[in-house]
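See below for the structure under consideration.
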Amino acid sequence: MPWHAVLCCAHLTASCRHEIVGIVTEVGPEASKFKPGDRAAVGTYVGSCRNCQMCKEGEDIFCPKMLQTYNFVDDDGNVTQGGYSTHIVVDEQ
């Protein structure tokens, strides 16, 4: 297999698992929809700025600072790994 095909396959593998289902292990003090032990799903995006015009109009999927679950740089500088993650921290919205 040519080297560029290996790189391409590695990239596709890392980005195909973008929706996640798991068990809640911990919740924050203001969480009301989930409790530890609940099954939860996380969609393809997990964050936005909540301050831009798109967010204020409820169109946060168009936020210029939108954060997707896979192959995006999170606020802490780590690259999100989607369904390959062992844990994920998200807002309950």
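Laboratory data are not the source of any read-out in this text; all were calculated from the coordinates shown. In this text, all values refer to a predicted model and were calculated from it rather than measured experimentally.
Just a few scattered comments:
- Residues whose amide H comes within less than 5 Å of that of Lys65, counting only those at least five positions distant or on another chain, are Cys49 (H built at 1.01 Å from N in the peptide plane).
- In order along region 83-90, phi translates into HN-Hα couplings of x, 7, 5, 8, 8, 8, 10, 9 Hz, rounded to whole numbers, per the Karplus curve 6.51 cos²θ - 1.76 cosθ + 1.60 with θ = phi - 60° and x for Gly and Pro.
- Once C-alpha pairs closer than 8 Å and six or more residues apart are averaged by separation and normalised to the residue number of region 14-74, the relative contact order reads 32 percent.
- Were the residues from Ser32 through Glu57 laid out at 0.36 nm apart, the gain over their Cα-Cα distance would be 6.6 nm.
- For Tyr45, the residues whose modelled amide H falls within less than 5 Å of its own, excluding neighbours fewer than 5 places apart on the same chain, are Thr69.
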